[in-house]
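Below is one structure, written out as structure tokens; the observations come after it.
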Amino acid sequence: MPEQTKLFLTARKFVISTAALSLSLMSQSACLADPAVVPVGKVLEAIGEKSKDASADASPTKPTAAASPKTKETDKAAEKPKPPTPNEFFDQVAKCDPGDNAKMKELCDKAIALFDKTGTRDDRYALCTSNLAAIELKSDDLKAAEAHLKQSLDASQGHVITATNYQMVGDIKAKQDRLVEAEAAYGGVLEIFSKYGDPNHQEATVLEKLAGIYDRMGRSAQASATRLKATDLATFQAGEKGAQSAYKLGTKALIANDYKEAIKQFEESLKIQPDFKAAKMNLAICYQHEALEHQRKKEYGEAESNYLQALPAMEAAFGPKHTYTCTVLQGLCETFESENKLDDAEKQAAHWVDIEREVHNGAPVMMNALRIYSRILKANKKQDQAVAAEKELSDMEAKDKASKPQFAS
């Protein structure tokens with residue numbers, strides 16, 4: 001066969017395989033009909049067993065009289081149910097409720113164990129390891145999630161599951177404050193979407209996450225531009241035209257730093273469509289930005305009012321332990337401190353430290369929270385509590401220093 005024809009057939013086979021995989025992996029939890037082909041080794045093994053049976057039947061020395069006890073035992077053994085195959089467990093994984101983490105983990109573990117026995121590394125294996133990583137990420141077991149994502153990425157050849165995996169890698173790096181790596185992972189997801197499409201409509205979510213990374217890196221212009229792309233996509237998917245119009249006006253006002261107008265338009269959008277998630281997110285961001293403006297101008301009364309609006313809005317839009325929510329808590333603590341409302345400042349700072357201790361224990365953001373908390377406690381004449389906070393901070397700093405490589409001078 002000419003070399004060009006071989007290359008054409010190989011390329012055609014890859015395109016067909018990729019298209020089939022895109023349809024089958026539209027959702028990680030969707031039911032997958034006719035999973036991947038049984039490994040060649042299994043087919044050969046089955047053929048070998050049939051050949052043994054055939055040669056045994058043809059043997060002239062095989063007794064034709066009543067079955068001996070040994071033959072009966074063999075027959076009984078043959079009647080025993082065959083052990084489950086990886087495909088059977090994989091079918092159950094595909095049909096399992098994605099919210100049932102315990103059942104999903106049990107099925108994936110069993111399927112992976114059988115795949116390991118046969119040395120199978122394909123998209124079925126990739127999906128099972130990816131599902132385990134998603135469960136571990138939810139429970140903040142980041143080390144285990146990273147290990148399973150590496151296995152999944154090594155095995156996967158389909159763009160849908162690869163994009164899902166890279167998004168989880170970005171989420172892990174963001175939790176670890178490894179912002180450059182998070183940026184690269186989210187960028188990889190967007191590159192896959194640009195080449196192969198976004199069947200699960202995840203691009204707006206990834207863009208919003210990337211904008212959050214840019215915010216944390218201090219790249220505000222890039223964050224605004226990325227957020228604009230995200231909001232445009234979210235607007236496209238929104239149902240109500242009136243909500244879309246108000247949302248677009250709000251987004252333009254937000255980018256222009258006209259927070260009062262942006263708040264007005266996002267609130268109008270939510271009146272028309274209360275479940276408009278992107279409008280909720282941007283409204284919370286507007287409250288925070290307006291509070292920051294007042295805080296910089298030392299207009300603490302107005303800043304306090306805006307922070308008190310931003311806090312429940314952030315909790316509803318992003319979650320009570322999200323990084324954005326914690327930045328609002330920090331601003332509110334410092335505003336109360338500036339107003340000499342030390343009891344209020346202490347209460348919010350204690351809440352902030354509890355969140356950071358749970359989510360980012362040992363990270364720089366946790367140490368920053370402890371510094372501010374200690375300072376407020378001292379100002380509020382809570383000397384014993386301040387000493388305890390300083391001790392925790394000192395231990396954390398020493399541990400952080402010891403974990404970093406030391407170079408000879």
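The number of residues in the stretch 268-311 being buried (at least 19 other Cβ atoms within 10 Å of the Cβ) and among the β-branched types (Val, Ile, Thr) comes to 1.
In this entry, Asp232 is excluded by the filter for residues that are acidic (Asp, Glu) and modelled with pLDDT of 85 or more. With the condition kept exactly as written, say whether any residue in the stretch 370-379 is assigned to a helix (DSSP H, G or I), touching an Asp or Glu at 6+ places or on another chain (Cβ under 9 Å) and among the polar types (S, T, N, Q). Scanning the stretch 370-379 turns up at least one residue that is assigned to a helix (DSSP H, G or I), touching an Asp or Glu at 6+ places or on another chain (Cβ under 9 Å) and among the polar types (S, T, N, Q). Of all residues in the stretch 146-156, one or more are more than 15 Å from the chain's Cα centre (by Cα), modelled with pLDDT under 90 and of a type outside the set (A, V, I, L, M, F, W, C).
Across the stretch 130-157, the number of residues qualifying as charged (D, E, K, R) and not in a helix (DSSP H, G or I) comes to 2.
For the stretch 274-294, the condition holds for no residue, the condition being that it is part of a helix (DSSP H, G or I) and either without any contact (Cβ under 8 Å) to a residue 12 or more places away in the chain or within 27 Å of Lys381 (Cα to Cα) (or both). If the condition is being part of a helix (DSSP H, G or I), surrounded by fewer than 20 Cβ atoms within 10 Å (Cβ to Cβ), in contact (Cβ under 8 Å) with a residue 12 or more places away in the chain and touching a helix residue (DSSP H, G or I) at 6+ places or on another chain (Cβ under 6 Å), then the stretch 325-348 contributes Ser338, Leu342. Evaluating Ala313 against the criteria (1) assigned to a helix (DSSP H, G or I); (2) closer than 27 Å to Gln383 by Cβ; (3) modelled with pLDDT under 95 leaves one unmet condition, (2). Within the stretch 86-101, the set of residues being over 12 Å from Leu132 (Cβ atoms), of a type outside the set (D, E, K, R), in a helix (DSSP H, G or I) and without any contact (Cβ under 8 Å) to a residue 40 or more places away in the chain comprises Pro86, Phe89, Gln92.
Within the stretch 209-222, the presence of at least one residue that is more than 27 Å from Asp400 (Cα to Cα), over 18 Å from the mean Cα position of the chain (by Cα) and not hydroxyl-bearing (Ser, Thr, Tyr) is confirmed.
Residues checked against (1) under 23 Å from Ala174 (Cα atoms); (2) among the aliphatic types (A, V, I, L, M); (3) at pLDDT 90 or above:
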site: Leu342; (1), (2), (3): no, yes, yes
site: Ala345; (1), (2), (3): no, yes, yes
site: Lys382; (1), (2), (3): no, no, yes
site: Val387; (1), (2), (3): no, yes, yes
site: Ala398; (1), (2), (3): no, yes, no
site: Pro405; (1), (2), (3): yes, no, no
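Screening the stretch 158-223 for helices (runs of 4 or more DSSP H) wholly inside it with 2 or more residues that are loosely packed, with under 15 Cβ neighbours inside 10 Å returns the ranges 179-196.
The values are calculated or read from the model by the stated rules, or taken from the named source; none is laboratory data. Bear in mind that the values here come from a model prediction, so they are computed numbers and not experimental data. Note that each Cβ is placed from the backbone with ideal geometry, even for glycine, and that neighbours are counted across all protein chains shown.
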